[in-house]
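A short write-up of the structure that comes next.
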Amino acid sequence: MKIGIPRSLLYYYYYPLWKTYFEELGIEVVSTPATSKKIIDMGIKHSVPELCVPIKIYIGHLLKLIEDGVDYIYVPRFVSILKGQYFCPKFMGLPDMIRHSFEGIEDKMIIPTIESKNENIAEYKNFKIFEEKLGISTKANKKAIAKARRVWESFKNYCHLGYSANEASDLALGKIIETGTLPAKASVTIGVVGYVYNLYDSYISMDIIKKLREMDVSVKTFEMIKEDVLNQKLQNMSKNLFWTFSDKLIAAGYTFYDDANIDGLIHVTAFGCGPDSMLGKLLELDSPVYEKPFMTIRVDEHSGENHLQTRIEAFVDMIKRKKIKARRGA
Amino acid sequence: MKVSFPYMGTTIVYKKLLELLGHEVVMPPKPSQYTINLGVKYSPEFACFPLKVITGSYIEAAELGAEVIVTSGGHGPCRAGFYEQVHRRILEEKGFNVDFIVFNSMFRDFKQFFANMMMLKGTNSWFKIAQSLLMVYDMIKKLDILEKRVQELRAYELKKGETTKAWEQIQIGFDKASSKKDLQQAFNNGEVLLNQIKTFNIYDKDRIRIGIVGEIYVVMESSINMKMEELLGNLGAEVERSQYLSEWVAYNALPGFMNRTHEVEILKKGEPYIPINIGGHAKQTVGHIVDYSQRGFDGVIHLMPFGCLPELVSQSIVPKISQALDIPVLTLSIDEQSGTANSLTRVEAFMDLIKGKRMKKIS
């Protein structure tokens, strides 16, 4: 039996969990190759033009899976992973968009509703659907969930150590071994604010993290900050954004503003992202208050790598000069 | 305390309520190109269109001296729940000192709701409050009854534009009313006005009925949806909107277990397509299209602000519903680029298609 997971959206956050779970049950996991021009084009062709790029890419990956011939496709409906908080409406309606857009795809889709108390979604009710669909016993199911839960926890731990989600995912799954040496402290540290599915999809973000590291910049992202630190930041806001990941991003943004070790912020956002239009504006308005440079990079299906290179180079140069100036002045 | 509010639909209703409570009301001007320009200039680039228009209209109200803005809130997942936070920051940035009173759902945070009520209540007695609320609700209902007639009559008037004029007069009449008796009087006057309009006769089977569905702001606010209702009326179609203020109030003011409003039924009809509430009016949109097709409407116009998160989901599903139920649906996405001629052509073509479909059925 083969189950397909599109390499898009929350794949970058939950892949270790999903992979462990399915493999523990003896199911082969098939995921798509990294996003390519062809995959994006397929997605664009089959979706409403106004949709944001990540969703279009998801649809592209999904179609690729069907081409490849899998038995089932795992398309979870993310509703809430924190009490009183939701996902973006497009996440919540994603399975509906897909099953009503393509004829006969519904039988192949497995659509569990994901609702959990915290980020670790390895809870029995989120995976109960497989018992009936794939004929698994409750005992085996629970055992697989427990293992998935542990693997995901170790993934989070690696993230907190300062590994990017991609690296942490490989580490947690044992694909690579911890070298013991994290990237050494660089001369400039930049906080990158962006969703996992934008930052780690090298086609969308054009590998911005790698590019920054090559420029002798150490990078911090939201998943490297511990949960309770983020939650504390949110308490200072009079009303929080009610989308879980946007909330994390804005809390990370303010943590970066407050952190004296961080020299500047880059906000990576996809064209047409609704929640980002709000949180980006708030962070932008606060940039002069905290006296830290802030830059927005908006990405879409048109890839122009050179402009990105130029912009981040200029941004990093500006920060370096500012630091030299400050040192001279002191 | 000079109070203002976001401009949407029949604004005299909000004005009346605040006036009855003894506040000085700063009426925001009807959204114009100037309002939109202001809003676009100061709002986040990718924010949805209603946010931009409301930003513009707040700035205009603040320039007129508004000190407090009363608005509704929300808790997601649609962006509308966060409007007030962004607006607050934008107005602050512009140097206006404006307070916000935000009404979130009273079932979620009653304490806050109560505190807001107390602020608006001032020195009025609770009896007065209840009386005012009931009176305004009565007013909304009466206005909606008349508006539904207006939407029907407009298609058959002999002198183009007469109905619209009458509707404006009716609103002025209601605006002046300050007691229950006045309201009844204004309602009666309105009916007389509408009865005077000369129409041509039409057989029942020749009537063309179009439903307008979509996000509440672009559906209700005629100044930003290119006066879609008038446009359709002038092209000879009766129009019904998916949102009326009275229905919205009834649905939102009643707790779940005793909610028997029409909207509950609509939501049920949307269930096969979108099983859970994904925020905004996506589920209602889908439900209304099903409802209109069951009631034998000839077509549906689906209005959405550009980039609206929930409506994008419904937009993706619309082709399937349209095909399954055999009802034409035209989706128009609305933003600050108001190419009126473009939309006009599309709506005209849509009407031709509906008429053509009918001819084919007969022959």
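The values are calculated or read from the model by the stated rules, or taken from the named source; none is laboratory data. As the structure is a prediction and not an experimental result, all values here were calculated from the model. Every residue, glycine among them, receives a Cβ derived from its backbone with ideal geometry; neighbour counts consider all protein chains shown.
Residue by residue through region A:128-155, note down the ones that are assigned to a helix (DSSP H, G or I), closer than 23 Å to A:Arg77 by Cβ and not hydrophobic (A, V, I, L, M, F, W, C). Within region A:128-155, A:Glu131, A:Glu132, A:Lys133, A:Thr138, A:Asn141, A:Lys142, A:Arg149 qualify.
Just to be sure, is A:Lys281 without any contact (Cβ under 8 Å) to a residue 24 or more places away in the chain and crowded, with 17+ Cβ neighbours inside 10 Å? Give the derivation first.
Numbers: without any contact (Cβ under 8 Å) to a residue 24 or more places away in the chain: yes; crowded, with 17+ Cβ neighbours inside 10 Å: yes.
Taking the combined requirement at face value, the residue satisfies it.
When B:Arg241 is tested against the conditions (1) among the basic types (Lys, Arg); (2) more than 24 Å from B:Tyr14 (Cα to Cα); (3) crowded, with 20+ Cβ neighbours inside 10 Å, the lone failure is (2).
Can you name the residue in region A:221-248 that is within 14 Å of another protein chain (Cβ to nearest Cβ) and within 18 Å of the chain's Cα centre (by Cα) and is also farthest from A:Lys211 (Cα to Cα) among such residues?
Applying the filter and picking the extreme gives A:Phe242.
Checked against (1) more than 12 Å from chain A (Cβ to nearest Cβ); (2) in contact with a His (Cβ under 8 Å, 6 or more places away or on another chain); (3) closer than 19 Å to B:Gly81 by Cβ, B:Glu247 passes all but condition (3). Residues in region A:249-275 that are more than 9 Å from chain B (Cβ to nearest Cβ) and among the small types (Gly, Ala, Ser) were compared, and the one that is nearest to B:Glu45 (Cα to Cα) is A:Ala270. In region B:11-26, the condition of being more than 10 Å from chain A (Cβ to nearest Cβ), outside any helix (DSSP H, G or I) and within 28 Å of A:Gly272 (Cβ to Cβ) is met by no residue.
When B:Ile289 is tested against (1) in contact with a Lys or Arg (Cβ under 8 Å, 6 or more places away or on another chain); (2) touching a residue at least 12 places away in the same chain (Cβ under 8 Å); (3) part of a helix (DSSP H, G or I), only condition (1) is not met. Every test in (1) touching a strand residue (DSSP E or B) at 6+ places or on another chain (Cβ under 7 Å); (2) assigned to a helix (DSSP H, G or I); (3) more than 22 Å from A:Glu119 (Cα to Cα); (4) within 14 Å of chain B (Cβ to nearest Cβ) is passed by A:Met278 save one, and that test is (1).
A single entry from B:Ile202, B:Ile197, B:Ile129, B:Ile145 fulfils the requirement of being within 20 Å of the chain's Cα centre (by Cα) and either closer than 26 Å to B:Glu221 by Cα or not acidic (Asp, Glu) (or both): B:Ile145.
With respect to the stated conditions, B:Gln112 fails to be under 27 Å from B:Glu311 (Cα atoms), polar (S, T, N, Q), assigned to a helix (DSSP H, G or I) and outside the structural domain of B:Phe187 (by TED's automatic domain parsing).
Which one is nearest to the other protein chains (Cβ to nearest Cβ) among residues in region A:88-109 that are in a loop (DSSP other than H, G, I, E, B) and surrounded by 24 or more Cβ atoms within 10 Å (Cβ to Cβ)? Full working, then the answer.
Step one: list which residues in region A:88-109 are in a loop (DSSP other than H, G, I, E, B), which gives A:88, A:93, A:102-105.
From what is left, the residues that are surrounded by 24 or more Cβ atoms within 10 Å (Cβ to Cβ) are A:88, A:93.
Numbers: A:Cys88: 6, A:Gly93: 3 Å.
Taking the candidates together, the pick is A:Gly93.
Residue check: B:Leu267 meets all listed conditions (1) more than 14 Å from chain A (Cβ to nearest Cβ); (2) in contact (Cβ under 8 Å) with a residue 40 or more places away in the chain but one, namely (2). Please work out which residue is nearest to the other protein chains (Cβ to nearest Cβ), limiting yourself to region A:5-60 and to residues that are assigned to a strand (DSSP E or B) and either crowded, with 22+ Cβ neighbours inside 10 Å or β-branched (Val, Ile, Thr) (or both). Checked region A:5-60; the qualifying residue nearest to the other protein chains (Cβ to nearest Cβ) is A:Ile5.
Please work out which residue is modelled with the lowest pLDDT, limiting yourself to region B:293-330 and to residues that are surrounded by fewer than 20 Cβ atoms within 10 Å (Cβ to Cβ) and within 9 Å of chain A (Cβ to nearest Cβ). Steps first, please.
To start, the set of residues in region B:293-330 that are surrounded by fewer than 20 Cβ atoms within 10 Å (Cβ to Cβ) comprises B:294-296, B:306, B:319-320, B:322-326, B:328.
Filter again for within 9 Å of chain A (Cβ to nearest Cβ), leaving B:306, B:319-320.
Values: B:Phe306: 85, B:Pro319: 89, B:Lys320: 89.
Going through the qualifying residues, I end up with B:Phe306.
Among what's in region B:140-175 and is without any contact (Cβ under 8 Å) to a residue 24 or more places away in the chain and touching a helix residue (DSSP H, G or I) at 6+ places or on another chain (Cβ under 6 Å), pick the residue that is surrounded by the fewest Cβ atoms within 10 Å (Cβ to Cβ). Only one residue fits best here, namely B:Gly173.
Within region A:224-253, count every residue that is farther than 21 Å from A:Tyr86 by Cβ and not in a loop (DSSP other than H, G, I, E, B).
At the first step, the residues of region A:224-253 found to be farther than 21 Å from A:Tyr86 by Cβ are A:224-226, A:228-229, A:232, A:236.
Add one more test, that the residue is not in a loop (DSSP other than H, G, I, E, B), and what stays is A:224, A:228-229, A:232.
Qualifying residue count, region A:224-253: 4.
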